[in-house]
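What follows is a single structure, written as structure tokens, with notes after it.
Here, each number is a calculation from the coordinates, and none is a lab measurement. Source: prediction; values computed, not measured. Methodologically, a virtual Cβ is constructed for each residue, glycine included, from the backbone with ideal geometry; neighbour enumeration extends over all protein chains shown.
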Amino acid sequence: MINTGAIRAIYGHEMSRFFRTVWQSIASPVLSTVLYFVVFGAAIGGRIQSVEGIPYGAFIVPGLMMLTVLQQSVSNASFGIYFPKFSGTIYEYLVAPAGWIEVSVGFVGAAASKAILISMLILLTSFFFVGAQIAHPVWMLAFLFLTSFAFSLLGFIIGLWAKNFEQLQIVPMMVITPLVFLGGAFYSASMLPPVWETVAKLNPVLYLISGFRWSFFDMADVPVGLSLFAVGLMILVCMGIIRWIFLTGWRLRD
């Protein structure tokens, strides 16, 4: 039976830590969004008027939101579980009446909540620059939740794997961010030559961004079903890895 009290305790602790530095947590992504709109929306948008009939400034809104969701989900979840390992308090979680499901859902749920909150603030910020439309608001929220949850699981794994702060940051910096930029955050894969379009479709992040952009503009680089399959598969694989880590104690008792 799942210990919901343990989930609420872990979730509440992580969220309280976030709200203690709420202005710092919010100011940085909002400022970055403003800069992206200035650089990409104004400078590049002056040369690329529209993409498939959508004004370029509005076209990049889903990409900016996904960029923030992926970065915030991974960083919040990885730092959240790494600090108990660093301080030694991880053993309190291991001996508490809570299994791997409660611990992971508590940390991952908090990280996903933070990412969703910040991404919604970015959406509100975008309204000051462009008139972004949302064709499928329910699906937009669904993709937002599933993607933030999937990458929070990935960040949780990174936090369990990392032995130092350098390892904690190397995956988001060297893997996640490049995949987002190459995954169609600021362009459509259909704009690429056929060979590079095929290469781009090997990037799993493209499927997440494509599905999320479809919820805004009813257009996608890949079928929406594939986007849902990709994020669902990622969630299942990450949960399997987390379960294995807790059952074997790998990197938990080092």
Quick one: putting +1 on the C-beta of Lys and Arg, -1 on the C-beta of Asp and Glu, what dipole do you get for the chain around its Cα centre, in Debye to the nearest 20?
420
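Can you tell me the length gained on complete extension of the stretch Phe181 to Arg251, counting 0.36 nm per residue apart and subtracting the Cα distance?
22.1 nm
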For the chain, averaging the sequence separation of alpha carbon pairs under 8 Å that lie six or more residues apart and dividing by its residue count, the contact order in percent is 26
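What Kirkwood hydrodynamic radius do you get for the stretch 1-118 when you take the inverse of the mean 1/r over all pairs of distinct Cα atoms, in Å?
Answer for the stretch 1-118: a Kirkwood hydrodynamic radius of 16.3 Å.
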DSSP loop (so not H, G, I, E, B), at most 16 other Cβ within 10 Å: list which GluC sites (Glu not before Pro) in the stretch 89-181 pass both filters.
none
Spelling it out for Val51: with amide H atoms placed in the peptide plane at 1.01 Å from N, the residues 5 or more places away or on another chain with amide H under 5 Å from its amide H are Tyr56
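Could you please rank Met66, Met173, Met234, Met191, placing first whichever residue has the fewest other Cβ atoms within 10 Å of its Cβ? Numbers along the way, then the final one.
On the way: Met66 27, Met173 10, Met234 20, Met191 14.
Ranked by crowding around the Cβ, least crowded first: Met173, Met191, Met234, Met66.
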Principal axis extents for the stretch 4-248, Cα atoms only, whole Å, descending order, please.
58, 38, 34
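What net charge do the residues around Ser104 carry, taking every other residue with its C-beta under 15 Å from that of Ser104, with Lys and Arg at +1 and Asp and Glu at -1?
On the way: positive: Arg8, Lys85, Arg243, Arg251; negative: Glu14, Glu102.
Around Ser104, the surrounding residues sum to +2.
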Could you give the longest part of the chain that holds none of the trypsin sites (Lys or Arg not before Pro) found in DSSP loops with at most 15 neighbouring Cβ atoms within 10 Å?
48-162
